[in-house]
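First up is the structure itself, then whatever we jot down about it.
Read the figures in this text as sums done on the coordinates, not as results from a lab. Just so you know, these numbers come straight off a predicted model, no measurement behind them. FYI the Cβ positions are ideal-geometry reconstructions off the backbone, even for glycines, and counts take in every protein chain you see.
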Amino acid sequence: MRSVPLFGEVPADGNLALLVPAAGIAVLGFIFSIVVAFNARDELVSEFNKVELPKMEYKPTVVVEGQCRGLCSNQDDDVDGLRNFME
């Protein structure tokens, strides 16, 4: 077993020969993606500028007496519904 700094222990039977090129390609791909993003930043910024956030307005809640305002359930009805479903 060989100890590789970022990957831990790697078997010494040739797997390291596969790991090194794959890690190199991954690092190059990450670097090139950053380069492409910096070269295309004008297009990215223009697309972000087109996004409009909806205006958030506060609407007070109207409370109606006797009406449910959230998760309302009746355990007896739920058990009966589950019993009917299972039969």
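For S33 and E57, what is the calculated FRET efficiency with R₀ set at 41 Å and r taken between the beta-carbons, to the nearest 0.05?
About 0.55, to the nearest 0.05.
May I ask you to evaluate 6.51 cos²θ - 1.76 cosθ + 1.60, the Karplus curve with θ = phi - 60°, for each residue of segment 21-34 and list the ³J(HN,Hα) values in order in whole Hz, giving x for glycine and proline?
Going residue by residue, I get x, 5, 5, x, 5, 5, 5, 4, x, 5, 5, 5, 5, 5 Hz, with x marking Gly and Pro.
What ³J(HN,Hα) values, in whole Hz, does the Karplus curve 6.51 cos²θ - 1.76 cosθ + 1.60 give for segment 43-48 when θ = phi - 60°, with x put for Gly and Pro?
5, 5, 5, 5, 5, 5
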